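Data first, discussion second: the structure below is written as structure tokens.
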Amino acid sequence: MEGLLRQVLAKLNLQLPVFTNGPSQFGSPNLQEIIEDTTQPFAEVAETNPESIAMMLYSSGTTGKPKGVALSHRAFTNNMVMFAQPHTFAYRDTSAEYQENILGIMPFYHIYGTHVINMLNMYMGAKTISLPAFTPKDLIRIIRDFKVEVVHLVPPMLNFLSKSEAVTSRDLASMRVAMCAAAPVPPSSALALKEKAPNPVLFQEGFGMTEALGTHLTPPDQERIGYCGKLVSNVEGKVIDIETGEALPEGQRGEMCLRSPSMMSYYHNNPKATAETIDSEGWLHTGDVAVHEDGFFSIVDRIKELIKVKGYQVSPSELEEELLKHPAVMDVGVVGVEDERAGELPRAYVVRKTQITTEDIMDYMKERLAPYKQLKGGIRFLDALPKNATGKLLRRELKEMAAQDP
């Protein structure tokens with residue numbers, strides 16, 4: 001891994017030091033040894049230009065190649081101040097007698113892990129409990145044994161906690177806040193978690209992206225399942241017509257655009273993509289289809305992921321949410337498959353919780369959705385869906401499967 005990292009840095013022409021968490025094959029400093037060495041004082045904090053780049057994270061690449069996102073010191077500090085407000089985060093104040101226990105099992109190279117869980121928790125004085133990877137058994141054990149009060153989740157973890165019979169009500173007794181982001185959140189799973197927990201649980205859904213850091217969160221006193229929250233302080237948002245670029249009123253679907261002091265500076269070595277993403281007025285075009293009402297935003301889907309059936313635009317997330325309501329469905333991903341007459345047709349890739357047939361699912365969907373939203377592209381059963389390390393569905397891999405199985 002260290003050798004691969006050095007190759008990547010050389011390819012990107014980045015002069016950055018490499019630290020390891022153990023012995024190095026290349027003579028790199030061992031971070032554990034540095035931390036444990038009490039003979040050397042810590043270096044003084046260096047003066048930093050707020051506009052200089054603090055970190056370069058890569059976008060998730062679920063719909064295309066990942067891009068290097070350059071984020072400044074100012075962007076990170078602004079975003080931490082924007083979120084660390086009592087009307088935004090539901091954390092309790094840290095004192096000499098009390099420190100909140102926060103569980104976050106997210107890779108720290110992802111913006112949710114490195115910024116929301118790691119940096120924001122430290123900024124607010126909370127105790128962060130983490131694991132190298134998500135395992136169902138360890139997730140239950142950590143929540144129970146450490147009496148975790150605030151749990152950061154992604155949808156696969158939420159689905160497990162809410163649907164699995166291995167998770168009992170007693171396991172969730174300490175939980176008072178569940179925060180979920182990084183991918184569309186199934187409302188049925190959120191409601192099921194609240195119902196399973198023996199004590200009241202505030203469910204806070206949020207939205208953010210590598211290019212803009214955190215931008216939305218459900219206010220603690222305005223829980224609203226099915227929405228990714230309201231814009232946090234100092235973030236502007238609008239929904240525009242995808243074709244004309246005109247701002248749309250409440251209740252109409254369009255592309256969500258954002259503007260704030262915590263946005264990226266640029267895409268590394270990609271001025272064309274930077275110009276296509278941030279317009280001349282400073283609006284960042286997210287590529288997400290959204291709708292807003294009463295200040296709350298709901299993400300419908302990615303523009304690139306909409307399925308075009310005979311001129312109709314079908315949201316994969318809408319079909320997935322309906323399928324997840326079925327008690328025999330554990331997980332699901334929907335993509336469009338090519339069709340000569342319709343252009344595209346929806347196909348579902350289903351992970352079963354209990355036995356269910358294609359005919360059962362077809363009948364179930366016919367009772368609930370319009371004819372053009374039916375799964376006429378077929379149903380395929382899988383043992384697991386392809387996902388990245390943060391639990392985000394890799395639709396491009398499902399599309400590759402579909403191309404090989406027309």
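Table for the structure above
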{"quantity": "Value at 222 nm in deg cm²/dmol, rounded to 500, when DSSP H runs of n ≥ 4 in the chain each add -39,500 (n - 2.57)", "calculated": "-6500 deg cm²/dmol"}
{"quantity": "Net lengthening on full extension, Asp138/Gln40 (0.36 nm per residue, minus Cα-Cα)", "calculated": "31.6 nm"}
{"quantity": "Two-site FRET efficiency, His87 against Lys238, from Cβ-Cβ distance with R₀ of 30 Å, rounded to 0.05", "calculated": "0.85"}
{"quantity": "Cα gyration tensor of region 26-163 - equivalent ellipsoid semi-axes, whole Å, descending", "calculated": "27, 22, 19"}
{"quantity": "Charge sum, other residues only, whose C-beta stays under 12 Å from Asp339's C-beta, Lys/Arg counted +1 and Asp/Glu -1", "calculated": "+2"}
{"quantity": "Peptides ranked, highest mean first, by Cβ atoms within 10 Å: ranges 243-252, 37-46", "calculated": "243-252, 37-46"}
{"quantity": "Neighbourhood net charge (15 Å Cβ-Cβ; Lys/Arg +1, Asp/Glu -1) for Gln222", "calculated": "-3"}
{"quantity": "Evaluated at q = 0.18, 0.27 Å⁻¹: base-10 log I(q)/I(0), Debye formula over Cα of region 77-123", "calculated": "-0.59, -1.11"}
{"quantity": "Share antiparallel - DSSP beta bridges, the chain, percent rounded to 5", "calculated": "70"}
{"quantity": "Positive-end extreme of charge dipole, region 237-361 - chosen from Ile242, Val350, Pro316 (charges on Cβ)", "calculated": "Val350"}
{"quantity": "Residue-span extension gain [Thr48 to Arg380] - 0.36 nm each, minus C-alpha spacing", "calculated": "114.2 nm"}
{"quantity": "Greater than 30 Å apart at Cα, pairs in Lys194/Lys308; Lys230/Lys310; Lys137/Lys387; Lys11/Lys392", "calculated": "Lys194/Lys308; Lys230/Lys310"}
{"quantity": "Kirkwood Rh and Cα Rg combined as Rg/Rh, region 306-404", "calculated": "0.94"}
{"quantity": "Distance (nanometres) between label positions extended 7 Å along Cα→Cβ at Phe19 and Ala403", "calculated": "4.1"}
{"quantity": "Anchor Lys272: aspartates and glutamates whose Cα lies under 18 Å away (excluding residues fewer than 8 positions away in-chain)", "calculated": "Glu211, Glu281"}
{"quantity": "Surrounding net charge for Ala212, when Lys and Arg each add one and Asp and Glu each subtract one, Cβ distance under 13 Å", "calculated": "-2"}
{"quantity": "Compactness of region 53-302 as Cα Rg over 2.2 N^0.38 Å, two decimals", "calculated": "1.00"}
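Only the coordinates and a few stated rules stand behind these numbers; no lab work does. Since we're looking at a predicted model, the values are computed, not measured. In this analysis, Cβ positions are derived from the backbone assuming ideal geometry, glycine residues included, and neighbour counts consider all displayed protein chains.
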